[in-house]
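Here the structure comes first, spelled out in structure tokens, and everything after it is commentary.
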Amino acid sequence: MTFYEVVVVEMPSFDEMVQLAQSNPQEFEQLRQQLIADLIDNSPVHSQRRLRGLQFRIDMERQLAKTPLNTCLRVSRMMHDQLDRLRQALLNSPQSETSVSGQSADPVASIIPFRQIANR
């Protein structure tokens with residue numbers, strides 16, 4: 001599979017997923033796990049180990065959370081932490097003289113002194 005290939009996984013509609021989660025939570029969980037496994041298995045080989053590790057971390061956060069809202073907050077915090085690490089890495093990169101915004105991280109300017117004009 002090349003980087004640009006897209007694999008389409010057939011999924012039930014959102015409403016069908018909600019109905020399944022309410023009527024048969026075990027079957028919903030099996031479907032969720034199968035869809036995740038299919039997605040990872042159809043990802044580029046060089047990404048699969050990292051994706052499995054990420055999914056493991058997400059699953060652990062889900063187990064530690066006491067409520068669905070707490071799960072959401074924990075996973076959201078994980079994503080924000082990783083985004084902050086990426087931002088820091090980009091800002092501290094010796095390969096780049098520009099920040100993420102595209103502007104120079106340390107603006108350089110020539111200071112031109114003005115001659116003082118005597119009070120008239």
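Every number here is computed from the coordinates shown, using simple stated rules; none is lab data. Values in this document were obtained by computation on a predicted structure and should not be read as measured data. Cβ coordinates were reconstructed from backbone atoms using ideal geometry, including for glycine residues, and neighbour counts include every protein chain displayed.
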With the first residue restricted to the range 60-74 and required to be surrounded by 10 or more Cβ atoms within 10 Å (Cβ to Cβ), and the second required to be outside any helix (DSSP H, G or I), Cβ contacts under 6 Å at 6 or more apart or on different chains are Thr71/Ala65; Arg74/Ala65
The number of residues in the range 42-56 that are surrounded by 12 or more Cβ atoms within 10 Å (Cβ to Cβ) and not hydroxyl-bearing (Ser, Thr, Tyr) is 6
